[in-house]
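To keep things clear, I will list the structure first and then write my remarks on it.
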Amino acid sequence: MHNRSLSDYGLLLLKGVAMGIANKIPGVSGGIVAVVTGFYKELIFSFQRLNFKAISLLFRGRLRTFWQYINGRFLLTLFLGVIVSYFTLSLILDVALTTYPAYVWALFFGLVLASALLLFRNYKTWNPKTIAFALIGLAVGVGLSILSPSEENTKIGYVFLCGVVSIIGMTLPGLSGSFLLILMGNYSLLLVDAVNAFGRFLVSPFYEMSISASDRQYALLFGVFLAGSLVGISSLSAIIHKIQERANDILQAVLLGFVVGSLFILWPTNRIEDKSILYTQQQYGWMIFWGVVGLVVVLLLDYYERKK
């Protein structure tokens, strides 16, 4: 819990936007944004407060106590940024991934590479045990990246499960929730079609738009997905918080392995489905350029945080 100025909340809003964008990009973990920009511990603390006690306070009408208990200002500002990114900036990324996929994935590669370097720099507890757990994290991260995706599934229970699983990207840095959705077969359904339909559903009363039956179905699925995400936030964050208290060195080693493992799938030539494409030397040069841009962005954010 922190006392923040108006400018601090503005910066937190931007961090929420960055986290929202990261959450939507397969292979990129929104939790990495939280780690690199310095609010991961507060994020987990606030998430694990979304529990039965919070529900009890809410239903008993103790709104002020409830708001303070869940660190409401922090969560509201952060999630506002995430929502803004989902319905605005993330759409730009969708276009960029279609038009310049290799360069966008190179940028993401640079972002995650910088995150791995910072995690490695900050980790000081290397021993045979933590090295073994880091290798396990590495193996799991690489293994997840080469699994074949499942088929799309619109069943309500499965969509709810997708919501629970997807939140891992916010609570466990290095493991991408959106990439797990790809493995479960529902990435396009929930983070593209359902998000867009839900957005149209929300604005329809203001613009007198007619909503099709398919849009209503997509909006319902997104609502179920959000409900699953809330359950995942409360349950997973509580588990991670307990692990941090009892075995934080091991957890950090596993996370570092996850981050490094995710680099395998992020390199542009591994992300482009058409393997027949032959890239020119100039195109490889641009990939390296955008990779360096991503690297520098994260390092600058880290520099800013350390100077505060």
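Values quoted throughout were computed directly from the atomic coordinates according to the rules given, and no laboratory measurement underlies them. Treat the numbers as computed from the prediction; the structure is a model and nothing was measured. Neighbour counts are summed over all protein chains in view; Cβ atoms, including those assigned to glycine, are modelled from backbone coordinates with ideal geometry.
Structure above, values below:
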{"quantity": "About the Cα centre, charge dipole magnitude for the chain (Lys/Arg +1, Asp/Glu -1 at Cβ), debye", "calculated": "1220"}
{"quantity": "Neighbour-limited loop hits for chymotrypsin sites (Phe, Trp or Tyr not before Pro), segment 72-128 (at most 15 other Cβ within 10 Å; DSSP other than H, G, I, E, B)", "calculated": "TYR123, TRP126"}
{"quantity": "The chain - percent relative contact order, Cα under 8 Å, separation 6 or more", "calculated": "32"}
{"quantity": "Packing rank of 132-142, 282-292, where each peptide gets the mean count of other beta carbons within 10 Å, highest leading", "calculated": "132-142, 282-292"}
{"quantity": "Cβ charges +1 (Lys, Arg) and -1 (Asp, Glu), total dipole of segment 214-306, debye", "calculated": "120"}
{"quantity": "Spatial extent of the chain: Rg and Dmax, with the Cα atoms as the point set, Å", "calculated": "19.6, 65"}
{"quantity": "DSSP-assigned coil residues among trypsin sites (Lys or Arg not before Pro) in segment 1-67, each with at most 16 further Cβ atoms within 10 Å", "calculated": "ARG4, ARG60, ARG62"}
{"quantity": "Footprinting exposure proxy for THR280, THR269 (fewest neighbouring C-beta atoms within 10 Å first)", "calculated": "THR280, THR269"}
{"quantity": "Kyte-Doolittle mean at least 0.0 and Cα axial length at least 20 Å: DSSP H helices in the chain", "calculated": "6-24, 101-122, 128-145, 213-266, 281-307"}
{"quantity": "Those trypsin sites (Lys or Arg not before Pro) in segment 212-296 that DSSP places in a loop and that have at most 11 other beta carbons within 10 Å", "calculated": "LYS275"}
{"quantity": "Residue order, fewest to most beta carbons within 10 Å, for LEU91, LEU78", "calculated": "LEU91, LEU78"}
{"quantity": "Segment 183-270 shape via C-alpha gyration tensor axes, a/c threshold 1.5", "calculated": "oblate"}
